[in-house]
Amino acid sequence: MSSGAGWIRGRHRHGPSRKVSDAMDSQHESAPASRPPESSRSETTLRVNGKPHTLTVDHRRVLLDLLREDLGLAGAKKGCDHGQCGACTVLVDGRRVNSCLLFAVALDGCEVTTVEGLAGDGEELHPVQRAFLDRDAFQCGYCTPGQICSAVGALAEAAAGHPSHVTDPATPSGEPVALSREEIRERLSGNLCRCGAYPHIADAVEDVIP
């Protein structure tokens, strides 16, 4: 699999090297992490990429950490950890969210879709993933999973008639919103790309507009 396809499917990880990680672990061996009391943990069931997962979750644990550390789904990235960069974007019940801001226990019973689950179980890419590859809509790839999930969510929102800040006020309420270039830029403005791949990202989204 090419490096680009790895980013598109969310299969690349960012983190310290093995040597650095081992050194960090050795520094903390003398101070094991304390387990939170049972009163601050609850059993939570999430359906992630079509599969149910029941976990006992610390009430303070956010969805992003649960996905990456508990379920091994490293596609969603931890960028700012303040809901400002969009690198952690996933879909919850079809709506895009910043997973670094949502407590996992608050999502009991919800359907979560990450970049790894967009294509389903097959090898065929989701149309948005394919468009990102075809348009070379990424450089370092760190923001790409969040960009893709955000694009999928934005397309669904426009089709459902949800207006944006730049939508023509004359657009009938509830009618699908036509995605102009300006609409695409506005709807994806919450996802930052420090490499500046925005023109190609907009091209990719335009390619999959119904």
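For the stretch 114-133, how many residues meet the condition of being crowded, with 21+ Cβ neighbours inside 10 Å and either closer than 22 Å to HIS59 by Cα or free of Cβ contacts under 8 Å to residues at least 12 places away in the same chain (or both)?
1
Quickly run through the stretch 60-106 and pick out the residues that are part of a loop (DSSP other than H, G, I, E, B) and charged (D, E, K, R).
Selection gives ARG60, ARG61, LYS77, LYS78, ASP81, ASP93.
Within the stretch 176-192, does at least one residue satisfy the condition of being over 30 Å from ASP58 (Cα atoms), charged (D, E, K, R) and touching a residue at least 60 places away in the same chain (Cβ under 8 Å)? So that I can check it myself, show each step before the final result.
Going through the stretch 176-192, the residues over 30 Å from ASP58 (Cα atoms) turn out to be 176-189.
Keeping just the survivors that are charged (D, E, K, R) gives 181-183, 185-187.
If we keep only those that are touching a residue at least 60 places away in the same chain (Cβ under 8 Å) as well, we get none.
Looking through the stretch 176-192, none of the residues is over 30 Å from ASP58 (Cα atoms), charged (D, E, K, R) and touching a residue at least 60 places away in the same chain (Cβ under 8 Å).
Yes or no: ALA137 within 16 Å of ARG96 (Cβ to Cβ), out of contact with any Asp or Glu (no Cβ under 6 Å at 6 or more places or on another chain) and either assigned by TED's automatic domain parsing to the domain that holds GLY75 or not basic (Lys, Arg) (or both)?
Values: within 16 Å of ARG96 (Cβ to Cβ): no; out of contact with any Asp or Glu (no Cβ under 6 Å at 6 or more places or on another chain): yes; either assigned by TED's automatic domain parsing to the domain that holds GLY75 or not basic (Lys, Arg) (or both): yes.
It is false that ALA137 is within 16 Å of ARG96 (Cβ to Cβ), out of contact with any Asp or Glu (no Cβ under 6 Å at 6 or more places or on another chain) and either assigned by TED's automatic domain parsing to the domain that holds GLY75 or not basic (Lys, Arg) (or both).
What do you reckon, is SER150 more than 17 Å from the chain's Cα centre (by Cα), under 23 Å from HIS82 (Cα atoms) and either surrounded by 15 or more Cβ atoms within 10 Å (Cβ to Cβ) or acidic (Asp, Glu) (or both)? Working first, answer last.
Working: more than 17 Å from the chain's Cα centre (by Cα): no; under 23 Å from HIS82 (Cα atoms): yes; either surrounded by 15 or more Cβ atoms within 10 Å (Cβ to Cβ) or acidic (Asp, Glu) (or both): yes.
No.
Quick check on ASP136: is it loosely packed, with under 14 Cβ neighbours inside 10 Å and under 20 Å from LEU71 (Cβ atoms)?
Considered against the rule, which asks whether it is loosely packed, with under 14 Cβ neighbours inside 10 Å and under 20 Å from LEU71 (Cβ atoms), ASP136 comes out as no.
The values are calculated or read from the model by the stated rules, or taken from the named source; none is laboratory data. Small disclaimer: the values here were computed from a predicted structure and weren't measured. Glycine also receives a Cβ, built like all others from the backbone with ideal geometry; neighbour counts cover every protein chain displayed.
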